[in-house]
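This report concerns only the one structure given below.
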Amino acid sequence: MSTVVTASPNTRVRQTRSPALILGSLTALVGVMAIIALFHGAANLSPRQVLHALLSFHDGAISRDPALAIVTVIRLPRMLLALMVGAALAVSGAAMQGLFRNPLADPGLIGVSAGAALGAVSVIVLGSHIPLFASPAALPLAASVGGIAATIVVYRLGSSTGHADVATLLLAGIAINAVAGAATGLLTYLADDRQLRSLTFWLMGSLGGATWPQLAAAAPFLVICSMGLCWLARPLNAFLMGEDVAHHLGYAVEKIKIFVIVLCATAVGAAVALTGIIGFVGLVIPHLLRLVMGADHRLLLPACALLGAAGLLAADTIARIVVSPAELPIGILTALLGGPFFLYLLTRRGRNT
């Protein structure tokens, strides 16, 4: 049974005194991590090599200069993908926690990640038997469709009485996660050795397949959905005081729920389609910032975007370096960092009850 942590009507949104300082510091952190990500990896590059690569971005030079190829073909698209995915996951997590008034909520709670995983695994395992799945675009498309379909089912189950009940949405999400996980397990059982290796690395998460065409396809979904969630900061602040209070303040409660869920599902589905399942970013980043700066979503959501981008980029850089020249799946690293923090949240909540 899932426990819903509900804010009381008397809950106040604590405001931080220096939002400009916080956002400025986080922006600087993103810049520092971006520089480190371009410099370091299996082959370390000098600042001169990186600067030359950024100023000489054309195909003819790439074929003659290995350092240029490393920066422009491998590290730069990978860095941008990490920034966009980290921001989207963290903002989605903060929005879900605000919508459900549950500090332990994350984007996977409503079945997005499990549905996207099922879609991608279906393409990997059944691709040789179904011609439609043989297309290079089939995997990301199937992951996106799977995530959105799971969200639609959860929302329909949670709004069977005419309005979306938060507790029912949570329980429906748990059920869909279980069903999708079982189907994914069945397909994993049916996979051959080559398929098993491919889907295992995909399920553990990786940014290694980032390409410029992928970025061009995914950027609109990741960026627009993240910005849309930030635009809903005021309604999410009202939700902290309860749905009745939000309704009396003039917000269309049911429409806000739909907007938040659709934006989160689209953003997370697009992220999972490109990187596989990367856990705990949507849980740890929002909760950590909420402990520091309070629950005002007008500041929390953009701060989550910045820290999520910097955090995932840092994790990816560590994953590329720690077992160089091999690469550690980033999902393992985020789980190693996020799992203990999740346990800390549970023990801390237990002491406060």
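The values are calculated or read from the model by the stated rules, or taken from the named source; none is laboratory data. Worth saying up front: this structure is predicted, and the values here are computed from it rather than measured. All Cβ positions, even for glycine, are placed from backbone atoms using ideal geometry, and neighbour counts span all protein chains on display.
Name every residue in the stretch 113-130 that is more than 16 Å from Ala175 (Cβ to Cβ) and not aliphatic (A, V, I, L, M), in order of residue number. Correct list: Gly119, Ser122, Gly127, Ser128, His129.
One line per residue, one yes/no per condition, for (1) small (Gly, Ala, Ser); (2) in a helix (DSSP H, G or I); (3) modelled with pLDDT of 85 or more:
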residue: Val50; (1), (2), (3): no, yes, no
residue: Leu54; (1), (2), (3): no, yes, no
residue: Phe57; (1), (2), (3): no, no, no
residue: Gly60; (1), (2), (3): yes, yes, no
residue: Leu76; (1), (2), (3): no, yes, yes
residue: Leu83; (1), (2), (3): no, yes, yes
residue: Gly86; (1), (2), (3): yes, yes, yes
residue: Leu99; (1), (2), (3): no, yes, yes
residue: Leu104; (1), (2), (3): no, no, no
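Tally the residues that are aliphatic (A, V, I, L, M), in a helix (DSSP H, G or I) and either crowded, with 22+ Cβ neighbours inside 10 Å or within 10 Å of the chain's Cα centre (by Cα) (or both), restricting the search to the stretch 267-302. Total satisfying the criteria: 14.
For beta carbons closer than 8 Å, sequence separation of 6+ or different chains, a first residue in the stretch 32-54 that is in contact (Cβ under 8 Å) with a residue 40 or more places away in the chain and more than 17 Å from Glu327 (Cβ to Cβ) and a second that is among the hydroxyl-bearing types (Ser, Thr, Tyr) and surrounded by 13 or more Cβ atoms within 10 Å (Cβ to Cβ), the qualifying pairs are Met33/Thr317. Can you confirm whether Ser198 is hydroxyl-bearing (Ser, Thr, Tyr), assigned to a loop (DSSP other than H, G, I, E, B), out of contact with any Cys (no Cβ under 7 Å at 6 or more places or on another chain) and in contact (Cβ under 8 Å) with a residue 12 or more places away in the chain? So Ser198 fails the test. Please specify each residue of the stretch 249-258 satisfying the condition of being of a type outside the set (Lys, Arg) and either touching a residue at least 60 places away in the same chain (Cβ under 8 Å) or in a helix (DSSP H, G or I) (or both). Val253, Glu254, Ile256, Ile258, listed by residue number. Candidates Ala305, Ala314, Ala326: the one that is among the small types (Gly, Ala, Ser) and surrounded by fewer than 15 Cβ atoms within 10 Å (Cβ to Cβ) is Ala326. Every condition in (1) in contact (Cβ under 8 Å) with a residue 12 or more places away in the chain; (2) among the hydrophobic types (A, V, I, L, M, F, W, C); (3) surrounded by fewer than 18 Cβ atoms within 10 Å (Cβ to Cβ); (4) more than 24 Å from Leu328 (Cα to Cα) is met by Ile261 except one, and the failing one is (3). Between Leu132, Leu126, the distinction of being at pLDDT 80 or above, surrounded by fewer than 21 Cβ atoms within 10 Å (Cβ to Cβ) and more than 30 Å from Asp296 (Cβ to Cβ) belongs to Leu126 only.
Let's see how each residue does on (1) in contact (Cβ under 8 Å) with a residue 40 or more places away in the chain; (2) over 24 Å from Leu141 (Cα atoms):
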| residue | (1), (2) |
| --- | --- |
| Ala238 | no, yes |
| His247 | no, yes |
| Leu274 | yes, no |
| Val284 | yes, yes |
| Ala305 | yes, yes |
| Ala326 | no, yes |
